[in-house]
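The values are calculated or read from the model by the stated rules, or taken from the named source; none is laboratory data. Quick caveat, the model's predicted, so the values are computed rather than measured. Here the Cβ positions follow ideal geometry from the backbone for every residue, glycine too, while neighbour counts run over all protein chains shown. Protein only, heavy atoms only, side chains kept; ligands, DNA and RNA dropped before computing areas. Shrake-Rupley method; radii C 1.70, N 1.55, O 1.52, S 1.80 Å.
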Amino acid sequence: MAGSQDVKVKITSGSYKGKIVEANNLNGYLYGANCQVGTRVILQVSAYEGNLTANVYNYDREYGLYALIGLFLIVLCLIGGRRGIYSAIALIFTFICIIGLYLPLLYKGASPFPVTVLTVCLITIVSLLLIGGYTRKTVCAAAGTIMGVAVSGCIAMVFGKITHISGYNTEDIENLVYVAQNCKLQIGDLLYAGILIASLGAVMDVAMSISSTLQEIQDQNPGISKKKLFRSGIHVGKDMMGTMSNTLILAFTGGAINTMILIYAYIMPYLQVVNMYSIGIEVIKGISGTLGIVLTVPIVSAISAKVYGGGFRMYK
């Protein structure tokens, strides 16, 4: 619904708390709100010579989003028990790490790829230690995750160079260029950094699942050889490759669904579609992330076979 309204709004926070102002509400698809009595909205307020001018920016979604996050954490802790609580702590740590460390470093001009690798290592180690403890399976899963994500990022960079696609070809490039004028942000490699972050969760899942399975096999059969352990990891990983690959591909496809609908609606020719930046970016994201998952299987299997079959002693 689109249109324009003149509404009276009571300000409930900020410097002008308690005042009632008249505000213009240009209700569109991205900004504004369909105001009714009691509707909570966010205002853009400016003052000039004691007169306030206000515009409705959007709905106030703060409490709704917090309620959803709270529901997620409660369900996670109730169903997961102690592991669920540790998983919630790991999620909170990941959020703090991204907001408090990763983004500030990028903003200050740090090279995106190495900073992302550093962040991935930190998130992986802390998250897996919280969830799995200081055990052999955690060490194997962490090493495999870091290597798998690094492979994914390297593949994305190589094919990005081949296809002449970089962070400068994304939809938000104009805003990013404007931001970069006032800081040292390196825009070109942001695309590849995003791929590393996006593939981390799926790669971590595969790595921990294989590592945990191989440890269980070795515990049940202590005399099993490294070669058989490796083969078992590959067999387990084959089933996971298909499901996890589909998960990542579908996630990136979902992000490009609007573009795909426009392509279908306008019956764009093949050569135009295959050479669109948006399509190329999604293909690189999806395939490089999926290759990271696939290659994580033999990497973790080899590491686990070496650790479990080589008499490497730690807590179980």
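At a glance:
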{"quantity": "The chain: most fluctuating residue of 39, 124, 213 per GNM, C-alpha cutoff 10 Å", "calculated": "39"}
{"quantity": "Tilt relative to the chain, helix 62-97 - C-alpha long axis, 0 to 90 degrees, to 10", "calculated": "20 degrees"}
{"quantity": "DSSP beta bridges in the chain [antiparallel fraction, %, rounded to 5]", "calculated": "85 percent"}
{"quantity": "Rounded if a/c under 1.5, otherwise prolate or oblate - region 190-262, Cα gyration tensor axes", "calculated": "prolate"}
{"quantity": "At R0 = 41 Å, FRET efficiency that the Cβ-Cβ distance of residue 82 and residue 154 yields, to 0.05", "calculated": "0.65"}
{"quantity": "Listed residue (271, 186, 294) projecting farthest to the positive dipole end of the chain, Cβ model", "calculated": "294"}
{"quantity": "Per residue value of the accessible surface for region 96-210 (all protein chains in place, 1.4 Å probe), Å²", "calculated": "45 Å²"}
{"quantity": "Amide H partners (placed H, <5 Å) of residue 166, local residues excluded", "calculated": "none"}
{"quantity": "Sum of -39500 (n - 2.57) over DSSP H runs of 4+, divided by residues of the chain (222 nm, nearest 500)", "calculated": "-22500 deg cm²/dmol"}
{"quantity": "Candidates 38, 64, 223, ranked by Gaussian network fluctuation over the chain, Cα under 10 Å, top entry", "calculated": "38"}
{"quantity": "Euclidean distance between Cα centres, region 1-36 to region 139-196, Å", "calculated": "39 Å"}
{"quantity": "Residue among 255, 223, 86 farthest towards the positive dipole end of the chain, charges placed on Cβ", "calculated": "223"}
{"quantity": "Unit charges on C-beta of K, R, D, E only; dipole of the chain, Debye", "calculated": "1340 debye"}
{"quantity": "Check: region 11-147 dipole with +1 on Lys, Arg Cβ and -1 on Asp, Glu Cβ, in debye", "calculated": "620 debye"}
{"quantity": "Relative contact order (%) - the chain, alpha-carbon pairs under 8 angstrom, separation at least six", "calculated": "18 percent"}
{"quantity": "Heavy-atom accessible surface of the chain: percent carbon and sulfur, 1.4 Å", "calculated": "64 percent"}
{"quantity": "Among (1) 1.15; (2) 1.05; (3) 1.07, the entry that matches Rg/Rh (Cα atoms, Kirkwood Rh) as calculated here", "calculated": "(3)"}
{"quantity": "Dimensionless Rg over Rh [region 41-141; C-alpha; Kirkwood]", "calculated": "1.19"}
{"quantity": "Overall form of region 143-204 per C-alpha gyration tensor (a/c, 1.5; a/b vs b/c)", "calculated": "prolate"}
{"quantity": "Reference-scaled alpha-carbon Rg (2.2 N^0.38 Å with N residues) for region 164-316", "calculated": "1.39"}
